[in-house]
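Please read the structure below before turning to the comments.
Every number in this text was worked out from the coordinates using simple rules, so none of it is lab data. Small disclaimer: the values here were computed from a predicted structure and weren't measured. Don't worry about glycine lacking a Cβ; one is built from the backbone with ideal geometry, like all the others, and counts go over all protein chains shown.
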Amino acid sequence: MIRGGELCRSCGSRCRDIPSDAEPIEIECPTCSGLSDDCEACGGTGTFSLDRCPKDYVGNEIAEAVRLADYANGGMWPVAGGLLDQSAQFVSFVAYLKDQDAKVQIDKQERRNG
């Protein structure tokens, strides 16, 4: 959710386009992926409205882990010494985030192709 594919990719540490009650950002429901008519998170609409910075929903610790995972996927691990110096939990998180980003890209491509 933190990036929603492209949502926060270019913001860095501050929102550049802060959502509000008047102008929320709508994303596909992260709970049901827009596929459930009785989803409690989205009320069956298939979308989830963000009325503040997405980082506020997940917290600073997760937002920082996502940022570090982006560096790791680019070959810059957060601790000197590379992959072998990383915790197993962080290495797993990096792989998970990369898989999720790939799924978002596949979904986008499928939507473009109809």
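Observations on the model:
- Kirkwood hydrodynamic radius (C-alpha pairs) into Stokes-Einstein, the range 59-114, 37 °C and 0.692 mPa s, D in µm²/s: 265
- For GluC sites (Glu not before Pro), the sites in the range 30-114 that DSSP calls loop and that have at most 14 other Cβ atoms within 10 Å are 40.
- Pairwise FRET efficiency - residue 108 versus residue 60, Cβ, R0 = 22 Å, nearest 0.05: 0.20
- Modelled spin-label separation between residue 33 and residue 99, with each label point placed 7 Å from Cα along the Cα-to-Cβ direction: 1.3 nm.
- Counting 0.36 nm for each residue step from residue 71 to residue 41 and taking away their Cα separation leaves a gain of 7.7 nm.
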